[in-house]
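*Asks:* I'd like to ask some things about the structure below.
The values are calculated or read from the model by the stated rules, or taken from the named source; none is laboratory data. Computed from a prediction, not measured in an experiment: that's the story for all the values here. Because the Cβ atoms are built from the backbone with ideal geometry, glycine has one as well, and the counts that use them run over all protein chains shown. Protein only, heavy atoms only, side chains kept; ligands, DNA and RNA dropped before computing areas. Shrake-Rupley method; radii C 1.70, N 1.55, O 1.52, S 1.80 Å.
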There are 2 protein chains.
Amino acid sequence: MKAISIGLLGLGTVGSGVVQIINNHQDKLMHQVGCPVKIKKILVKNIDKARDFEIDRNMLTLSADEIIDDPEIDVVIEVMGGVESTKEYLLRAIRNKKHIITANKDLMALYGSELLEEATHNGCDLFYEASVAGGIPILRGLVDGLASDRITKMMGIVNGTTNFILTKMSKYGSPYEEVLTEAQQLGYAESDPTADVEGLDAARKMAILATLGFSMKIDLSDVSVKGITSITKEDLDYSKRLGYTMKLIGIASRTDEKVEVSVQPTLLPEAHPLANVNDEYNAVYVYGEAVGETMFYGPGAGSLPTATSVVSDLVMTMKNMRLGVNGRSAAAPQFEKCLKKPDEVYSKYFLRLHVKDEVGVFAKITTLFAKHSVSFEKILQLPIKEKDSAEIVLVTHRASLQDYENILNQLKDNALVHNIKSTYRVEGDEA
Amino acid sequence: MKAISIGLLGLGTVGSGVVQIINNHQDKLMHQVGCPVKIKKILVKNIDKARDFEIDRNMLTLSADEIIDDPEIDVVIEVMGGVESTKEYLLRAIRNKKHIITANKDLMALYGSELLEEATHNGCDLFYEASVAGGIPILRGLVDGLASDRITKMMGIVNGTTNFILTKMSKYGSPYEEVLTEAQQLGYAESDPTADVEGLDAARKMAILATLGFSMKIDLSDVSVKGITSITKEDLDYSKRLGYTMKLIGIASRTDEKVEVSVQPTLLPEAHPLANVNDEYNAVYVYGEAVGETMFYGPGAGSLPTATSVVSDLVMTMKNMRLGVNGRSAAAPQFEKCLKKPDEVYSKYFLRLHVKDEVGVFAKITTLFAKHSVSFEKILQLPIKEKDSAEIVLVTHRASLQDYENILNQLKDNALVHNIKSTYRVEGDEA
């Protein structure tokens with residue numbers, strides 16, 4: 001029986017995991033797919049690099065063309081990263097009728113629609129489960145498991161690096177810079193951590209999730225993003241004091257046919273299930289009109305979990321090959337994109353500010369909120385060491401983003417306010 | 001374009017949910033499947049019964065034959081329950097080349113293999129996602145999401161009724177009988193709650209999960225079962241005192257190629273994620289060699305969540321119909337069944353017993369454990385009101401089931417032991 005032949009672009013940690021899983025699970029793969037599976041060629045940067053597992057040197061190549069143009073290769077697995085040249089490789093592979101598995105969220109967030117369209121046009125599969133949350137089968141859950149339901153909201157922790165950092169900062173009171181260094185030493189953060197800590201990685205994943213969950217083409221630029229770099233020990237202390245846990249939360253919500261997609265540090269009630277997802281773990285809450293709430297939880301990254309997702313996608317592709325039905329699973333979006341305006345996005349907010357310490361200031365500030373019909377759920381007023389200053393920490397009731405931003409702008413211009421120290425969205429206690 | 005035609009066996013709560021989802025989501029279904037979907041006939045017990053939604057009386061029938069023998073009907077959805085006659089209906093429907101969706105765990109646990117074989121033989125799909133955990137897409141996660149991984153353990157809360165009861169008993173200290181009555185009033189427990197509270201419902205689901213997850217035909221009779229009816233307030237109080245939460249836990253674990261499947265009240269450390277799954281919710285932890293731990297969480301029952309699963313299976317079947325590839329997804333088990341013997345099942349145990357209150361008793365009892373090489377992790381000894389008695393509560397280190405049962409038998413025969421009050425498995429703190 002003819003084996004299915006794989007070309008691998010990249011042999012970093014995920015690529016190595018893929019090689020090992022395919023080699024170690026030949027029986028299981030054979031049982032599921034009905035024919036042998038072999039890796040034919042692997043694109044690497046350096047053929048002579050020492051690797052911690054055995055690999056036939058003849059399988060390695062420095063030229064992507066040897067994979068893309070090899071008529072014997074059925075499926076290309078892309079785990080090399082990068083965007084522009086990677087996209088060109090994959091487009092060429094698709095035009096050569098090769099099926100694609102990718103773990104590349106940057107690529108999918110930017111060019112997912114274009115690649116999927118080209119794949120469908122060429123009768124090829126393009127699967128990308130591993131691009132969202134390492135080992136959690138969330139995309140399949142959204143597409144198949146909740147196929148008949150109307151998803152109204154997805155809320156999740158979709159970046160392992162920032163969750164690791166926030167967990168350590170909250171638990172041990174360590175400052176951001178120190179925990180970042182630890183995360184880098186442990187391999188949980190890149191030497192350039194920008195994409196993670198500024199929320200871009202999470203934003204890419206939320207764009208992919210929203211596109212699938214709402215059947216609407218959401219671009220990366222539609223996601224409003226704020227990272228974790230400005231979170232202070234004081235913010236975490238006040239959060240705790242008010243019964244909240246700080247997490248970097250991605251939210252995609254839909255009201256009627258209008259959606260909002262955002263990533264930002266968010267306060268959740270301590271008892272909320274997402275508040276208890278710690279370290280490098282990820283979890284995504286999905287709210288469906290019929291099903292209610294479901295959650296998918298698992299490792300958000302890591303060589304083997306991500307490789308597991310890649311090989312699961314490979315199994316799906318190979319089953320489709322045996323059945324002759326590739327290229328039929330990517331449905332074009334059902335709805336036109338329609339984003340909520342700031343006066344349609346509602347949330348509670350945490351606000352910490354330093355004000356002039358004199359009689360009547362508090363009343364003047366609360367009056368400003370009242371003018372915009374925003375009321376308070378919690379208020380703390382505390383003396384601080386700085387001369388002539390008092391600190392106010394408050395949590396509002398639900399307000400529109402537009403009203404809240406108007407209030408912030410007026411506070412900034414108000415002579416009684418010395419400093420707006422921080423503000424965060426508060427979620428998860430709608431009751 | 002020709003519509004796909006559905007026959008529905010049963011119009012109880014789940015059946016009603018299915019009708020409403022299909023009627024309310026015509027656009028979404030059409031978008032996913034590419035053709036209209038209509039329900040043609042529904043088997044009911046009483047045509048004139050008042051229903052809380054509108055339904056065309058002409059669709060209702062008292063005769064299953066009108067569905068099973070109707071050549072126009074493509075898919076039969078079975079939500080009527082029952083085992084023997086239901087099995088005959090479905091076998092006949094399959095022989096008439098109809099695809100089957102069922103939410104019936106009793107049926108699948110007993111006759112799943114036979115039905116799946118007949119379906120494959122006739123080129124028909126048979127899907128049963130809704131039979132395991134209401135709205136959680138766990139079966140798809142096991143089959144597709146973790147396709148390439150080797151699952152070593154599944155541990156879960158798979159019965160909503162008992163989880164509701166144990167949650168209330170633990171939280172409010174209410175006795176079992178009182179909470180059961182409340183659960184019945186709220187519709188969370190049947191008027192005859194035996195299948196739920198004796199653990200049979202959970203056992204059926206674990207048999208289905210183990211069969212799929214381990215690719216090995218596990219029968220209901222292979223599952224060792226203990227229910228929750230003998231759990232007392234004292235047991236719950238001691239659990240709490242020792243830092244544990246009591247849950248009815250289904251475990252399916254595999255060591256090399258030997259498996260153990262069981263359902264029993266189990267103590268979990270309070271911080272364990274399953275310890276925090278409350279009320280009628282379900283959750284299943286899945287451990288894979290490559291992926292590590294993942295969890296699926298959601299409503300365990302309920303009309304709409306279960307109906308969502310049913311309609312998701314329907315979407316899958318209809319997609320397969322459009323592609324002409326029905327009847328290919330049920331893989332026969334890969335492995336011969338091989339169950340662990342009692343000396344191969346390892347766990348920690350909680351034991352509460354009343355002993356004679358005299359000098360040296362404690363030493364004699366601990367010596368008995370030592371003879372079987374079982375040591376202790378935690379011990380409490382307390383005075384009690386009964387004359388001449390003391391109470392001992394202990395948690396062992398990991399021991400084989402065989403050693404532990406030998407110890408229990410010797411304790412029963414020992415004149416110093418007045419009474420073995422209770423014993424439970426302890427899981428989730430392997431570290």
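*Asks:* With θ set to phi - 60°, apply the Karplus curve 6.51 cos²θ - 1.76 cosθ + 1.60 along the stretch A:176-183 and write out the HN-Hα couplings as whole Hz, x wherever there is a Gly or Pro.
*Replies:* Coupling constants for the stretch A:176-183: 3, 4, 5, 5, 4, 4, 4, 4 Hz.
*Asks:* Next question, about the same structure. Applying 1/(1 + (r/R0)^6) with R0 = 41 Å to the Cβ-Cβ distance of A:ARG241 and A:ASP343, what FRET efficiency is obtained, to the nearest 0.05?
*Replies:* On the way: r = 32 Å, r/R0 = 0.77.
After rounding, the FRET efficiency stands at 0.85.
*Asks:* Would you be so kind as to list the residues of the stretch B:112-150 that have their accessible area lowered by at least 50 Å² in the full protein complex compared with their chain by itself (1.4 Å probe)?
*Replies:* Residues passing the criterion (a loss of at least 50 Å², heavy atoms only) are B:PRO137, B:ASP144, B:GLY145, B:ALA147, B:SER148.
*Asks:* Tell me, what is the 1.4 Å probe accessible area of A:PHE53, in Å² to the nearest 10?
*Replies:* 40
*Asks:* In degrees, nearest 10, range 0 to 90: what is the angle between the Cα axis of helix A:160-172 and the longest Cα principal axis of chain A?
*Replies:* 40
*Asks:* Mean-square fluctuation check for chain B, GNM, Cα pairs under 10 Å: which of B:LYS247, B:LYS226, B:LYS171 is largest?
*Replies:* Sorting by GNM fluctuation, first place goes to B:LYS171.
*Asks:* Just the number, please: percent antiparallel of the DSSP beta bridges in chain B, rounded to the nearest 5.
*Replies:* Values: 54 of 78 bridges.
In chain B, approximately 70 percent of DSSP beta bridges are antiparallel ones.
*Asks:* Give me the log10 of I(q) over I(0) for the stretch B:1-87 at q = 0.12 Å⁻¹, as the Debye formula computes it from C-alpha points; what are the numbers?
*Replies:* With one equal scatterer per Cα and no solvent, log10 I(q)/I(0) is -0.36.
*Asks:* If contacts are Cα pairs under 8 angstrom and at least 6 residues apart, what is the relative contact order of the stretch A:141-266 in percent? Mind showing how you got there, number by number?
*Replies:* Numbers: 188 pairs, mean separation 40.6, N = 126.
Relative contact order here is 32 percent.
*Asks:* Follow-up question, since we're still on this one. By a straight-distance test (C-alpha under 18 Å), which aspartates and glutamates pair with B:LYS387 as possible cross-link partners, with residues fewer than eight away in the same chain excluded?
*Replies:* B:ASP357, B:GLU358
*Asks:* In nm, to one decimal, how far is the B:LEU408 label point from the A:THR13 one, both placed 7 Å along Cα→Cβ?
*Replies:* Each label point lies 7 Å from its Cα, and together they span 4.4 nm.
*Asks:* In chain B, which longest range has no GluC sites (Glu not before Pro) that are both DSSP loop (not H, G, I, E or B) and surrounded by at most 11 other Cβ atoms within 10 Å?
*Replies:* Numbers: sites that count: B:GLU54, B:GLU72, B:GLU257, B:GLU336, B:GLU358, B:GLU430.
The segment B:73-256 is the longest one with no such site.
*Asks:* Another question, if that's okay. Return the carbon/sulfur percentage of the accessible area of the protein assembly as shown, one whole number, probe 1.4 Å, all protein chains in place.
*Replies:* Working: 17290 of 35030 Å².
Exposed carbon and sulfur together represent 49 percent of the surface.
*Asks:* Ranked by accessible surface with a 1.4 Å probe, highest first, in what order do B:HIS418, A:HIS354 come? Please list the in-between numbers first.
*Replies:* Numbers: B:HIS418 95, A:HIS354 10 Å².
Largest accessible area first, the residues go B:HIS418, A:HIS354.
*Asks:* I need the per residue convex hull volume for the stretch A:361-431, using only the alpha carbons, in cubic angstrom as a whole number. Each step should come with its number before you reach the end.
*Replies:* On the way: hull volume 6.9 nm³, N = 71.
Hull volume over Cα atoms, normalised by residue count, gives 97 Å³.
*Asks:* Follow-up question, since we're still on this one. Am I reading the B/A interface right? What is its buried accessible area, both sides, 1.4 Å probe, to the nearest 100 Å²? Display every interim value, and only then the final one.
*Replies:* Details: alone 19440 and 19420 Å², together 35030 Å².
Approximately 3800 Å², summed over both chains.
*Asks:* Now, a different point. Find the centroid of the Cα atoms in the stretch B:191-256 and in the stretch A:3-75, then give the distance between the two in whole Å.
*Replies:* 42
*Asks:* Give me the log10 of I(q) over I(0) for the stretch A:84-184 at q = 0.15, 0.21, 0.23 Å⁻¹, as the Debye formula computes it from C-alpha points; what are the numbers?
*Replies:* One equal scatterer on each Cα of the stretch A:84-184 leads to -0.79, -1.06, -1.15.
*Asks:* Same structure again: With every protein chain left in place, what is the accessible area of A:ARG398 in Å² (1.4 Å probe, nearest 10)?
*Replies:* 130
*Asks:* Another one. Based on the Cβ-Cβ distance of A:ALA271 and B:GLU377, what FRET efficiency does E = 1/(1 + (r/R0)^6) give at R0 = 25 Å, to the nearest 0.05?
*Replies:* Values: r = 28 Å, r/R0 = 1.14.
With a Förster radius of 25 Å, E is 0.30.
*Asks:* If you take the Cα atoms of the stretch B:225-359, find Rg, then find the Kirkwood Rh from the mean of 1/r over all pairs, what is Rg/Rh?
*Replies:* Values: Rg = 20.4 Å, Rh = 19.0 Å.
Taking Rh as the inverse mean 1/r over Cα pairs, Rg/Rh reads 1.08.
*Asks:* Quote the charge dipole size of chain A about the Cα centre in Debye, to the nearest 20; the model charges only the Cβ of Lys and Arg (+1) and of Asp and Glu (-1). Don't jump to the answer; show the numbers that get you there.
*Replies:* Details: 48 positive and 59 negative charges, 88 e Å.
So the magnitude is around 420 debye.
*Asks:* In terms of modelled amide H atoms, which long-range or inter-chain residues lie less than 5 Å from the amide H of B:HIS418?
*Replies:* The answer is B:HIS354, B:VAL355, B:LYS356.
*Asks:* I've got another one for you. What length, rounded to one decimal in nm, is gained on full extension from A:GLU178 through to A:ASP56, with 0.36 nm per residue of separation minus their alpha-carbon distance?
*Replies:* Here the segment from A:GLU178 to A:ASP56 would lengthen by 39.8 nm.
*Asks:* Would you kindly derive the ³J(HN,Hα) couplings of the stretch B:36-41 from the backbone phi angles with the Karplus curve 6.51 cos²θ - 1.76 cosθ + 1.60 (θ = phi - 60°), listing them in order in whole Hz, with x for Gly and Pro?
*Replies:* Along the stretch B:36-41, the couplings run x, 10, 9, 7, 9, 9 Hz.
*Asks:* Where does helix B:200-214 land angle-wise versus the long Cα axis of chain B, in degrees 0 to 90, nearest 10?
*Replies:* 80
*Asks:* Then there is this: Between B:GLU88 and A:LYS38, with labels modelled 7 Å along Cα→Cβ, what's the label distance in nm to one decimal, could you check?
*Replies:* Result for the modelled spin labels: 5.4 nm.
*Asks:* Also, quick follow-up: To test your reading of the geometry: what angle, between 0 and 90 degrees and rounded to tens, separates the Cα axis of helix A:13-24 from the longest principal axis of chain A?
*Replies:* On a 0 to 90 degree scale, this one is about 40.
*Asks:* When Rg is the radius of gyration of the Cα atoms in chain A and Rh is its Kirkwood radius, what does Rg/Rh come to? It would help to have the intermediate numbers written out before the result.
*Replies:* Working: Rg = 24.3 Å, Rh = 23.4 Å.
Rounded to two decimals, Rg over Rh is 1.04.
*Asks:* Run lengths n ≥ 4 of DSSP H only: what is the helix-derived mean residue ellipticity at 222 nm for the protein assembly as shown, with -39500 (n - 2.57) per run over all residues, to the nearest 500?
*Replies:* Working: 28 runs with 306 residues, N = 862.
The per-residue figure over the protein assembly as shown is -10500 deg cm²/dmol.
*Asks:* Here is a follow-up. Using a probe radius of 1.4 Å on heavy atoms only, what accessible surface per residue do you get for the protein assembly as shown? Whole Å² is fine. Walk me through the numbers on the way to the answer.
*Replies:* On the way: 35030 Å² over 862 residues.
That works out to 41 Å² per residue.
*Asks:* For a quick check of understanding: with a 1.4 angstrom probe and all protein chains in place, what accessible area in square angstrom does B:ARG204 have, to the nearest ten?
*Replies:* Counting only protein heavy atoms, B:ARG204 exposes about 40 Å² to solvent.
*Asks:* Could you tell me the ratio Rg/Rh of the protein assembly as shown? Both radii from Cα atoms, Rh via Kirkwood. Before the final figure, lay out the partial values.
*Replies:* Details: Rg = 29.0 Å, Rh = 29.4 Å.
Ratio of gyration radius to Kirkwood radius: 0.99.
*Asks:* For the stretch B:81-175, what is the relative contact order in percent, using Cα pairs closer than 8 Å and at least 6 residues apart in sequence?
*Replies:* Working: 72 pairs, mean separation 21.4, N = 95.
Relative contact order for the stretch B:81-175 comes out at 23 percent.
*Asks:* Summarise the long-distance tail of P(r) for the stretch A:189-269 by giving the % of C-alpha pairs beyond 17 Å. All intermediate terms of the calculation are to be shown ahead of the outcome.
*Replies:* Details: 1685 of 3240 pairs.
So the pairs more than 17 Å apart make up 52 percent of the total in the stretch A:189-269.
*Asks:* Check B:VAL225: other-chain or 5+ apart residues with amide H under 5 Å from its amide H, H built from backbone geometry?
*Replies:* Those qualifying (amide H under 5 Å, at least 5 residues apart or on another chain) are B:VAL263.
*Asks:* Ok, one more. Under a 10 Å cutoff between Cα atoms, tell me which one of B:LYS341, B:LYS385, B:LYS40 has the largest fluctuation in the Gaussian network model of chain B.
*Replies:* Of B:LYS341, B:LYS385, B:LYS40, the most mobile in the Gaussian network model is B:LYS385.
*Asks:* Please give the charge dipole size of the stretch B:44-180, origin at the Cα centre, charges +1 on K and R Cβ atoms and -1 on D and E Cβ atoms. Round to the nearest 20 debye. Write down the numbers at each step before the final one.
*Replies:* On the way: 15 positive and 23 negative charges, 131 e Å.
In total the dipole reaches around 620 debye.
*Asks:* For Cα pairs less than 8 Å apart in space and 6+ apart in sequence, what is the mean separation divided by the residue count of chain B, i.e. the relative contact order in percent? Don't jump to the answer; show the numbers that get you there.
*Replies:* Details: 853 pairs, mean separation 70.5, N = 431.
Relative contact order here is 16 percent.
*Asks:* Which residues, if any, in the stretch B:287-334 lose at least 40 square angstrom of accessible heavy-atom surface (probe 1.4 Å) when the other protein chains sit next to their chain rather than the chain being alone?
*Replies:* Residues losing area: B:ALA290, B:VAL291, B:GLU293, B:MET295, B:PHE296, B:TYR297, B:THR308, B:SER312, B:LEU323, B:VAL325, B:GLN334.
*Asks:* Can you work out the FRET efficiency for the pair A:ASN419 and A:SER221, with r the C-beta to C-beta distance and R0 = 25 Å, to the nearest 0.05? Before the final figure, lay out each step's value.
*Replies:* Working: r = 31 Å, r/R0 = 1.24.
Efficiency at R0 = 25 Å is approximately 0.20.
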